[in-house]
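Q: Quick one: structure below, then a few questions.
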């Protein structure tokens, strides 16, 4: 466990569990959902990195520059490869100081046939947290790359999410994107909408995000999420009956090798890509 502190803020990291955050508090308040006790799966933590792609690749199959790649499922019996490799691997502590830490993950070619180095830099202030996630092509051939972050938040009574967006990708029964819907569908996040009260699962990628979202609840401090300009997509996950939800800044969308603009870029050998996310309390 790595612990950072700055004034009344405290951050706990578990490098061996997908390089995940396991708790972030300010003045003793959980700004993000604390990890489940003894968590050994990144899905049970507070935040984890999406690298080198976000969300689902249909059946794990895609073609890049003439090379066919097949990735194995990495979420139980779910058939689609999800979120890359970083969240399923242990990370190494490169540096750790009072209020800053850097974790790294070095990927050797495997089912994902490109070598890369991923890095997370955590910077804690008295009221907020900044995470910078980067990936560097460590191989000798061009590599596709997309990045995102997966923070969890406690679903407080009366919670409202405000996040300017201009559309949403609809999904099928296996949570793959199907068609792009322009404008409001379901919850009007752009105008501010309650997180509670929607039937079924929300697990959708929203387009045209302004890189700012505000989480509000009656009588409690606001939480503000901001992200780098590359994060043009916002994935919102609200599972029915749970006490948490996710608001995920992403620089690429689900089905990242599908048609149209997906946010994936090609990194030449030695080239890097990075994004950042700030979470501010109060």
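Q: I'd like to check something: does region 264-271 contain any residue that is in contact (Cβ under 8 Å) with a residue 12 or more places away in the chain and closer than 18 Å to residue 206 by Cα?
A: yes
Q: Criterion first (closer than 24 Å to residue 245 by Cβ and within 15 Å of the chain's Cα centre (by Cα)) does residue 55 satisfy it?
A: Judged against the criteria, residue 55 is a match.
Q: I've got another one for you. Which count do you get for residues in region 203-229 that are surrounded by fewer than 20 Cβ atoms within 10 Å (Cβ to Cβ) and closer than 24 Å to residue 179 by Cβ?
A: The number of residues fulfilling the criteria is 4.
Q: Might you check whether a residue that is surrounded by fewer than 15 Cβ atoms within 10 Å (Cβ to Cβ) and either touching a strand residue (DSSP E or B) at 6+ places or on another chain (Cβ under 6 Å) or in a loop (DSSP other than H, G, I, E, B) (or both) occurs anywhere in region 152-161?
A: Checked region 152-161: at least one residue is surrounded by fewer than 15 Cβ atoms within 10 Å (Cβ to Cβ) and either touching a strand residue (DSSP E or B) at 6+ places or on another chain (Cβ under 6 Å) or in a loop (DSSP other than H, G, I, E, B) (or both).
Q: Those residues that are in contact with a strand residue (DSSP E or B) (Cβ under 7 Å, 6 or more places away or on another chain), over 14 Å from residue 152 (Cα atoms) and surrounded by fewer than 24 Cβ atoms within 10 Å (Cβ to Cβ), I need them from region 13-28; list them, please.
A: Across region 13-28, the qualifying residues are 14, 15.
Q: May I pose another question? Find the strands (runs of 3 or more DSSP E) located wholly in region 212-282 whose residues include 2 or more that are in contact with a helix residue (DSSP H, G or I) (Cβ under 7 Å, 6 or more places away or on another chain) and modelled with pLDDT of 95 or more, and list them.
A: Answer list for region 212-282: none.
Q: While we're looking at this one, here's another question. Need a quick list: strands (runs of 3 or more DSSP E) entirely within region 48-96 having at least 1 residues that are closer than 26 Å to residue 23 by Cβ.
A: So the answer is 92-96.
Q: Something else about it: In region 19-47, what count of residues is obtained for those that are within 18 Å of residue 123 (Cα to Cα), in contact with a helix residue (DSSP H, G or I) (Cβ under 8 Å, 6 or more places away or on another chain) and assigned to a loop (DSSP other than H, G, I, E, B)?
A: Looking only at that region, the number is 1.
Q: For region 62-70, indicate whether the set of residues that are surrounded by 16 or more Cβ atoms within 10 Å (Cβ to Cβ) and under 19 Å from the mean Cα position of the chain (by Cα) is non-empty.
A: Looking through region 62-70, none of the residues is surrounded by 16 or more Cβ atoms within 10 Å (Cβ to Cβ) and under 19 Å from the mean Cα position of the chain (by Cα).
Q: Tally time: how many residues in region 257-276 are touching a strand residue (DSSP E or B) at 6+ places or on another chain (Cβ under 7 Å) and over 22 Å from residue 106 (Cα atoms)?
A: Residues flagged as touching a strand residue (DSSP E or B) at 6+ places or on another chain (Cβ under 7 Å) and over 22 Å from residue 106 (Cα atoms) within region 257-276 amount to 2.
Q: I would also like to ask the following. Among the residues in region 201-210, are any at negative phi, free of Cβ contacts under 8 Å to residues at least 24 places away in the same chain and in contact with a strand residue (DSSP E or B) (Cβ under 6 Å, 6 or more places away or on another chain)?
A: Checking region 201-210: not a single residue is at negative phi, free of Cβ contacts under 8 Å to residues at least 24 places away in the same chain and in contact with a strand residue (DSSP E or B) (Cβ under 6 Å, 6 or more places away or on another chain).
The values are calculated or read from the model by the stated rules, or taken from the named source; none is laboratory data. Predicted, not measured: the structure shown is a model, and the values here were computed from it. Methodologically, a virtual Cβ is constructed for each residue, glycine included, from the backbone with ideal geometry; neighbour enumeration extends over all protein chains shown.
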